[in-house]
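Any read-out appearing in this document is the output of simple, stated calculations on the displayed coordinates, not a laboratory observation. Since this is a predicted model, take the numbers as computed values, not measurements. Note that each Cβ is placed from the backbone with ideal geometry, even for glycine, and that neighbours are counted across all protein chains shown.
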Amino acid sequence: MDSRLDLTPRGRDESRVKRGDPSQTAARPPNRERLRADLGVFMEKRGLRSTEQRRVIIDKLFEATDHVTIDQLLDVVRAVDPRVGYATVYRTMKLLAEGGLVHERKFGDGFTRYELADEEAHHDHLICLDCGKITEFEEPAIEALQERIAARYGFVVQDHKHELYGLCADCVKKSEVKPGRARAAHR
C-alpha cells in the first residue's frame, strides 16, 4: 500500500473555502508547527513517552488534509509500520483529543472523524447528506453574530461547532431542490 495520504473515503469529497465564492482560496489550514510544539508540551506534562508507533500515527495525522477516521488513519500508518494495531491508533487519537490537539467530529454518517484542533484556524462545516462532501468555510459574520448573542445573554463561549446539513451544489444540480431552501425538518 502506498503510504502517501489519500484519506478521503470513497464517494466523499472535502474542500475548504473562505467567505464568498467557493472558488476562492482555502480556509486557513492549521498551524502544524505550533501544534507539534503544543503536543510536545502536553506529552511532557503528562509524562508520556514518544514511541515509534505513536510518532508514525501523529506524523500521518499531521499530513492529513481532511477529516480522518481511525480506520483511514490505520491504513496509512500500517503502510509504514504493519505492527500498529487499531487499539494503538484509537488510544493515540483519544489522547490527542483529551489534550485539545484534535477535534472529534461526528457528521451523522456513523463515523467519528478527527481533525487538527487549531483555534486560530477556526472553520465551520457544510455536510452533504447525499454524497457526504464536507466543505469547510469561514464566515466572520457568523462569528460576530455568535459573539453578540452570547453577550446579550451574559454567556461566555468556551468552544462551539457550526455544522450545516443539506445538499452540496453538485447534488442540488441533480435534484429539484433550490439552493438555500430547507428540504427537511431540523436535526
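Charge dipole (Cα centre; +1 on Lys/Arg Cβ, -1 on Asp/Glu Cβ; no other charges) of region 52-135 amounts to roughly 400 debye. Per-residue extension of 0.36 nm, minus the Cα-Cα distance of Tyr90 and Arg152, leaves a gain of 18.3 nm for this segment.
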